[in-house]
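Have a look at the structure below before the remarks.
The values are calculated or read from the model by the stated rules, or taken from the named source; none is laboratory data. These numbers come from a predicted model, not from an experiment. Positions of Cβ are generated from backbone atoms using ideal geometry, with glycine treated the same way; all protein chains shown enter the neighbour counts.
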Amino acid sequence: MNNRFRPALLVAASVIALAAAAPAFAGKTLDAVKQRGTVKCGVTNGVAGFSAPDTQGNWSGLDVDTCRAIAAAVLGDGKKVDFVPLNSQQRFSALQAGEIDILARNTTWTLTRDASLGFNFTTITYYDGQGFLVPKKLKVTSAKQLKNATICTQSGTTNEKNVSDYFRAQNIPVKTVVFESFEASFKAFFSGRCQAFTTDASALAGLRNKEAPNPDDYIILPELISKEPLAPLVRRGDDEWFAIAKWVPNALIEAEEFGVTQANADELKASSKDPGQQRLVGTGEDLGKLLGLDKDWSFRAIKAVGNYGEMFERNVGPKSVLKLPRGSNNLWSKGGLIYAPPVR
Amino acid sequence: MNGGASRRGVWLAWAVQALLVLAVVAGAVWVVHHALEVLRARGVRSGFDFLTEPAGFSISEGWLDFDASQPFWRAFLAGLINTVRAAVPAAIFSVVLGTLIGIGRLAPHVLLRGICTAYVELLRNVPLLVQLLMLAFAMANLLPDPTEPLRLLPGVWLSKGGLSVPWPMVGEGGLHFEFPERGDFGVSGGAALSPEYVTIVAGLSFYSAAFVAEIVRAGILSVSQGQVLAGQALGLSPVQQLRIVVLPQALRVIVPSLTNQLLSLTKNSSLAVAVGYPELVSVANTTIGSNGRAFECIAIIMAVYLLLSLLISFGMNRYNARVALRGWR
């Protein structure tokens, strides 16, 4: 289908869906998910490390694992997820219209999105910041040297606005070339149309390592010009589903804190005497019933994708193509920002 | 008796029409009202109040300077002007090129005829989006880097950054020409046509020219052969026959179809969003991404294209009234 019209079609579909749906929708997402047997999860059309399909069509990434963990907690199987690839402009309409149950698409938590689009952000799963990728041959070492440069980016993102804000504050004139799709924007950059490419630093790392003709020809500039807390989001008005979408990622973070891993979860379930571990593997007090789930909800989520640290390592950490350091995304107890309220 | 019945029939017809219109309008109002109600119930903000707020993004090219501190309505205006900036030159080029190719398809010279036929068949059978992406791809790969621009003439540079030419500026010493100069990141100064702009104007022109060519060919063929013979009898050269006798008569067939073609061309300019040219749809997409007012932005897009289409139809219909054969009306 003609890509240009997809946002318009989505909106048209939303109008019809909204007109047909009664406003009393609250609390029904969990029922709908159980009846359907899958979680519908909105993801990117391909950002390495966060959500990208391989050649066989299997999705992987940090956002993908969040959805798999929720599917495992709710439906008992991390594979019961329908991934819906969405571009930046489509993502919000799709969630508003109920085409997806959760949007896990490296989306930045901002006040406007939180307060005016009818959404609730859940748990921050990645602390990012916007950076710049430039060819080494330009001999640029700081974003402040980009005077009169042309910068490629994608439309409809916080990135586009941050670039305007940053260079306006610095009083440095730059030009932006804005493309509808992420792919078109980075391809234009690698073809030499722009002197710099800007998006979240995590995605820059993925681009450099996967898409650059020769990764060593490009550097990521040291400046991070924004805070980009990436979090999944759900529709407002369904507190039950909101709680599940919050507490599954929180449980994965707490699992890392308590040393519960994909590998040792079974063993800990059989023998652990640590109350914190017992709650996570389903042998302690039953927290699942408070979420409308059973006692093993977090045990299954951990078994499906591992704890937060394992998710990070596998998708974006040193063992992945992105090779990103833990940095801000380390546990609070190790100097990072990753912090879950107590699962108890 | 008969007259009374037919008058009743007319009234009945009008009443039915009015009821239909009323039903359609009422249906539309209900759908919009209900959708807004549901949006409100779900905590989604709606309305056009955002238009006066600062946009927060910038538009890097066009006739209307726009920076991030200016309001959304001005961004939409800049987008609309950029749409016109692409559509008008494309319309002119496509009509000129299409007319030449259309005449070429009827030329006695077999090679010329063949080339023109091949052009039409190739261009009109490949989707426009594909052609635009191919053009953009070709430019991105064939042109030199902005840091190593090609100097075509003094002050005229060509690179992936676009085509830069000297441009008159009004300064302290009166009018002078500003010459583009090489900088660290490419050429700056003067006037520049971005590759995105060149892509959309060239793409639209080439594509629409294929359809214009067919319209022109049909128009010429609609003129009776006797007119050509009459021209010959008067001793007119083949070019004179075409210019003085055939084309003026062909216009009455050409103009209505050409109107449709110009409407399509204008609407097709919205594909520019795919190649990075900041026109109306691109601005609307960015706006939807930043504040989520999808309904409002789509409504603006629809209203603007409707307005543009009506303007084009109005202008072309006026022109058509002038060129139509008087005796035939």
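Out of everything in segment B:49-79 that is among the polar types (S, T, N, Q) and not in a helix (DSSP H, G or I), what residue ends up being nearest to residue B:284 (Cα to Cα)? Only one residue fits best here, namely B:58.
Summed over segment A:275-331, the residues that are of a type in the set (A, V, I, L, M), touching a residue at least 60 places away in the same chain (Cβ under 8 Å) and part of a loop (DSSP other than H, G, I, E, B) give a count of 5.
Of everything in segment B:282-294 that is at the interface with chain A (Cβ under 7 Å from one of its Cβ atoms) and of a type in the set (Val, Ile, Thr), the residue that is nearest to residue B:46 (Cα to Cα) is B:288.
Taking segment A:100-205 as the region of interest, the strands (runs of 3 or more DSSP E) fully inside it that hold 1 or more residues being within 8 Å of another protein chain (Cβ to nearest Cβ), buried (at least 24 other Cβ atoms within 10 Å of the Cβ) and over 24 Å from the mean Cα position of the chain (by Cα) are A:175-179.
Considered as a group, the residues in segment B:231-246 that are of a type outside the set (Ser, Thr, Tyr) and assigned to a loop (DSSP other than H, G, I, E, B) include one that is nearest to the chain's Cα centre (by Cα), and that residue is B:236. Against the list (1) closer than 23 Å to residue A:152 by Cα; (2) at pLDDT 85 or above, the condition residue B:31 fails is (1). Residues of segment A:75-92 include none that is in contact (Cβ under 8 Å) with a residue 60 or more places away in the chain, polar (S, T, N, Q) and in a helix (DSSP H, G or I). Looking only at segment A:29-68, filter to residues that are in contact (Cβ under 8 Å) with a residue 12 or more places away in the chain and among the basic types (Lys, Arg); which one of those is nearest to residue A:233 (Cα to Cα)? Applying the filter and picking the extreme gives A:40. Selection over segment B:187-218 of residues that are buried (at least 22 other Cβ atoms within 10 Å of the Cβ) and over 29 Å from residue B:130 (Cβ atoms) gives a count of 1. The single condition among (1) surrounded by fewer than 20 Cβ atoms within 10 Å (Cβ to Cβ); (2) on the phi > 0 side of the Ramachandran plot; (3) of a type outside the set (Lys, Arg); (4) within 14 Å of another protein chain (Cβ to nearest Cβ) that residue B:276 does not satisfy is (1). Within segment B:1-53, track down each residue that is farther than 30 Å from residue B:74 by Cβ and of a type in the set (Asp, Glu). The one that is farther than 30 Å from residue B:74 by Cβ and of a type in the set (Asp, Glu): B:37. If you go through segment B:126-141 and keep only what is more than 9 Å from every other protein chain (Cβ to nearest Cβ) and either in contact (Cβ under 8 Å) with a residue 12 or more places away in the chain or assigned to a loop (DSSP other than H, G, I, E, B) (or both), you end up with B:126, B:128, B:131, B:132, B:135. Residues in segment B:35-66 that are closer than 16 Å to residue A:175 by Cα, surrounded by 18 or more Cβ atoms within 10 Å (Cβ to Cβ) and more than 9 Å from chain A (Cβ to nearest Cβ): B:62, B:66.
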